[in-house]
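Let me begin by presenting the structure, written as structure tokens, before commenting on it.
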Amino acid sequence: MRPEARRIAGYGVAALLTWLVGYPLLITLMEALGLPRGLSLEHFAEFARRPDEWQALWRSLWISAASVALAGAVGIPLAFVFARTEFPGRRILGALVALPVALPPLVGVIAFLFLYGESGFVSRGLQSLLGLEQAPWRLSGPAAILLVHAYSMYVYFYLFTRAGLARLDVAMLEASASLGAGRVATLFRVTLPLLTPALVGASLLTFMTSLASFSAPYIFGGGFRVMTTQIVASKLNGELSMAQVETVTLAILAFLGLWAMRRVDPGRSVVVGGTRGVAPSRRVLRRPLVKAGAATLGWGLALLLLLPHLTLLLISFVPPGTWTVEALPPVLDTSNYESLISTPERLRPVVNSVWMAIAATVGAVVLGLAAARLSLKLRGRLGGALETLLSIPWAVPGTVFAISLATAFSVNAPAMGRVVLVGTPWILPLAYLVRSLPLTGRSSLAGLRQLDPAVEEASASLGAGRWRTWRRVTLPLLRPAVAAGASLAFITALGDFVTSIVLYTYDTRPISIEILSSLRLQETGVAAVYGVLLMAVSATAFLVWGREERI
Amino acid sequence: MPPFLTLTDLDKSFGEQTVLEDLSLEVAEGEVLVLLGPSGSGKTTLLRMIAGFERPDAGTIVVAGEEVTSEPPEKRNFGMVFQHYALFPHLSVEQNVAFGLESRRVPKDEIHRRVAELLPLVDLEGFEKRRVHEISGGQQQRVALARALAPDPRLLLLDEPLSNLDPTLRERTRRQLRRAIQQIGITALWVTHEQEEAFDVGDRVALLNEGRLEQVGSPEELYLEPRSRFVASFVGRASSLPGVMADDGRVLIGDNRFRGRGVRWPGVASGSFAPGDEVELMLRPQGLSLADRAAGEALEGTVLDRRYAGEATYYLIELEIGGELLVAALPDSSRVGARVAVVPRPEVSPARIFGRPRGDGS
Ligand SMILES: Nc1ncnc2c1ncn2[C@@H]1O[C@H](COP(=O)(O)OP(=O)(O)OP(=O)(O)O)[C@@H](O)[C@H]1O
Ligand SMILES: [Mg+2]
């Protein structure tokens, strides 16, 4: 492409991204500030006057901090075990324990509900074992939220720590040993300091994810409101201005987090000293007892982590109304699945979710790839702006985006770049697309950065035109990166709950919304079937991602 | 016969930095011209400009009478061998070689025939189905050459084709490349920063320094008749000494040269100098020899180091007047620490006299 044409394309894509990503946020900020009627801090003052707003803010912060601590406590030791020891089944378990990150949060939450909830397996079991009148506990409030967070977010610590350990040069550990440091001294004086950037990165990521978390507080929170649930509650109560102010507040917190992430940049700083050495080898456990112990621990842990999902699978085979007071379900059959397939109304959300997720993924891949390509070719300010625009939706909580899109696209003012999309079938795919952009954009960027520009030049010098070079050389080489980004984008869109709950209409209701209403109607079996469906598709896509992008 | 490739007054800057300036060059058909120069001198930029990956700010590129200055690379029909090969990692050896032919919509059986003809030329029979990361560096290098040659290009461009190979492999691969190029008889531009490689493969060598051509000529010309002190010092070994032109055409060197005395050294002037001009003498080790005592015009000094290098022994002499000279002599001529006199041997390699840029005092 000629430089001028490329610049024009760059500005075009930047404008499109700004319209999709930045503009809704800006409009929300302006409306929160009382514009266009007149600039005022009235809504913010109202926010500051209400104690429940401060309470929600405070709860969001401490829940996030506690989630970091708990996720770290699970994830870091787990990573050390899997990185440093060898026991039977290590490989497959190592891949399995990373799975929760790929499952839609709502699925994890209902799986937890079915396992540890009031009428879940564990409490029923205890109830009948101890002969209790009531369930031994209620799964609600902050403890329940934290449990779910720790359970799903330990994966960040697990993955970051493993990546950090894999890049650690064994020579450094040997140097430490040769200088007289023992195992423990080496761990605290060499290994952990070198892992610090990875751990800080994982902490920030967990903090931000937990700040944005919606499913767990929504299902388990009850009266315990955090910012995300507070926003949706305000919106449902019709207090749109308050929802906007809350949205702006949460967005500011998220941007602070993004800013901190940028400063740490866990991706690069883990590599110490430039040249890569040899990672420490695994300790092969020889003594049979130790070996059996490690294997038991590993398998036990993995089972614990996968138990909620196994429960979900089991519940999906329990016909409606057959499980009342027994400790274990008395009947198991496939009637829930059959009813889903034979009832068009129940199949509808599946069709909706699938087409919307496909549309969003295709859009996000095309836009992400174009923006990434232009960003790298143009460099400079425009290139940097494109890259930033691509990564913004990643930092912005889904709730914030949902409210912003609902604000921006509920007014018809084409001159202002605003059209009514809320209430049409297009708003959800669009919202999914925007939320998936960082996934496809970042993986495209990574793929393009690895691509040797000389390869494309070689193709040109061999007489291939731009189109042929793109089709025969660039695209095949980018395929792994694009496939990885696309599969993650698809998972995210398919299982989305946060943006859907704000923006869906009855005709476009996605699977997550249907799960929610099935739960309300006490149709746990049907809810579980939907959950299993999401789980199966997500796990498949995750495996594709894992194959293409080895960790 | 008109030149096959003509570069006229090419200029190129990246932002503030001028990378190539006023560069003109002619290459005859079938000639192998080596672009030699230190790192950052603009060799790659020039090659990429000829290939069409960079557009010159000014100047023209004409090939076989046709101006190609702003043609896109895919229209030029030049073959290029990249420094890091840039082989297509997702294709096999055979598919890599066939790529350029497919771009030109050559019929399938013709492609087959051509690939089967090229692979033996670069000693790669039997490797057709291999992926490119499954073969060695030297083999990859030869795939890159075969791929560039397959569409029968008008011109072959090679950017440091050997720099990614380890030294033992380098010499053998160099021979293979040179042989293949000669067999086909293609016009080639070969970029390198190694003088020995340049002299070995080039019919002529163009020496580039800071974006300007210092000298273009056969290896002998560059070595024996360097036109600037840069050429003299870049090509082969040379020592340099500051001096002042004397009225007999020789150069006065030594502490008291400004008073018209000092040692008078014979040399060949590049350019015209008047008596009293400040100049620089470039001396090849072969143009010097060692004597026991100062006899007539000689420089006295002490042997600082002695290195045996097979065909000659090199003595590093620290001069009493300051500075150092490298002298080639017989192995038993002297020993480290001995006091010696250095005398000229103009019949072997005369010293060359160059002007000294202002402000470059001794
Ligand atoms: N695309 C570019 N943008 C900016 N500067 C460039 C670009 N390409 C080259 N340069 C600069 O131009 C100068 C010449 O570079 P070039 O690569 O042509 O040198 P070279 O002779 O090939 O050196 P080497 O032997 O190191 O390969 C260098 O100073 C380099 O920094
Ligand atoms: Mg170069």
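The values are calculated or read from the model by the stated rules, or taken from the named source; none is laboratory data. Owing to the predicted nature of the structure, the values given are computational and were not obtained by experimental measurement. Here the Cβ is made from the backbone with ideal geometry for all residues, glycine too, and neighbour counts use every protein chain on show. SASA here: full protein model, heavy atoms, side chains in, ligands and nucleic acids out. Shrake-Rupley method; radii C 1.70, N 1.55, O 1.52, S 1.80 Å.
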Roughly to the nearest percent, how much of the accessible area of region A:195-245 is carbon and sulfur, given a 1.4 Å probe?
58 percent
Suppose all protein chains stay in the model; what accessible area per residue would a 1.4 Å probe give for region A:363-455, in Å²?
36 Å²
In nm, give the distance between the simple-model label positions of residue B:324 and residue B:184, each being 7 Å from the Cα along the Cα-to-Cβ direction.
4.5 nm
Which of the pairs B:12/B:75; A:377/B:75; A:377/B:129 have their Cα atoms more than 26 Å apart in this structure?
A:377/B:129
Ignoring GluC sites (Glu not before Pro) buried by more than 13 other Cβ within 10 Å or outside DSSP loops, the longest site-free run in chain A is A:327-551
Label model pair residue A:348, residue A:143: point-to-point distance (7 angstrom along the Cα→beta-carbon line) in nm is 4.1 nm
Please state the charge dipole magnitude for region B:1-83, taken about the Cα centre, from unit charges on C-beta atoms (+1 on K and R, -1 on D and E), reported in debye and rounded to the nearest 20.
320 debye
Going toward the positive end of the dipole of the protein assembly as shown, with +1 on Lys and Arg Cβ and -1 on Asp and Glu Cβ, which of A:375, B:195, A:159 do you reach last?
A:159
Leaving out ligands, DNA and RNA, and with a 1.4 Å probe, what % of the accessible surface on region A:10-124 is carbon or sulfur?
72 percent
Using the heavy atoms of the protein chains alone and a 1.4 angstrom probe, what is the accessible area of chain B per residue in square angstrom?
46 Å²
Compute the relative contact order of chain A as a whole-number percentage, counting only Cα pairs closer than 8 Å that sit 6 or more residues apart in sequence.
21 percent
Note the buried accessible area between A and B here, summed over both chains, with a 1.4 Å probe, in Å² to the nearest 100.
1700 Å²
Residues from region B:84-117 losing no less than 20 square angstrom of accessible surface in the full protein assembly compared with the chain alone, 1.4 angstrom probe, ligands and nucleic acids excluded, are B:86, B:88, B:89, B:90, B:99, B:102, B:103, B:104
Specify whether the C-alpha gyration tensor of the protein assembly as shown places it in the rounded, prolate or oblate class, a ≥ b ≥ c being the square roots of the eigenvalues: rounded for a/c under 1.5, otherwise prolate if a/b is larger than b/c and oblate if not.
prolate
Result for region A:119-165: accessible area per residue, probe 1.4 angstrom, in square angstrom, of 44 Å²
Would you mind calculating the relative contact order of region A:347-463 from Cα pairs under 8 angstrom and at least 6 residues apart, reporting the percent as a whole number?
38 percent
Given the candidates A:13, A:148, A:69, the one whose Cα lies deepest towards the positive end of the charge dipole of chain A, counting +1 at each Lys or Arg C-beta and -1 at each Asp or Glu C-beta, is A:13
222 nm [θ] for chain A, helices only, -39500 (n - 2.57) per DSSP H run of 4+, per residue, to 500?
-23500 deg cm²/dmol
What's the local net charge at residue B:315, with K and R +1, D and E -1, over the other residues with C-beta under 13 Å away?
+1
On the accessible surface of chain B, probed at 1.4 Å, how many percent belong to carbon and sulfur atoms?
45 percent
Please state the charge dipole magnitude for the protein assembly as shown, taken about the Cα centre, from unit charges on C-beta atoms (+1 on K and R, -1 on D and E), reported in debye and rounded to the nearest 20.
2380 debye
Relative contact order for chain B using alpha-carbon pairs under 8 Å, separation at least 6, rounded to a whole percent?
15 percent
Using the Kyte-Doolittle scale, which helices in chain A average at least 0.0 and also have C-alpha atoms spread 30 Å or more along the helix axis, with helices defined as whole DSSP H runs?
A:51-84, A:141-167, A:240-264, A:288-315, A:344-378, A:427-450, A:524-548
Just to be sure I understand the curve: with the Debye formula and one point per C-alpha of region B:32-191, what is log10 I(q)/I(0) at q = 0.08, 0.10, 0.13, 0.18 Å⁻¹?
-0.23, -0.36, -0.61, -1.16
Spatially proximal aspartates and glutamates relative to residue A:235 (Cα-Cα < 13 Å; intrachain offsets below 8 disregarded):
A:246
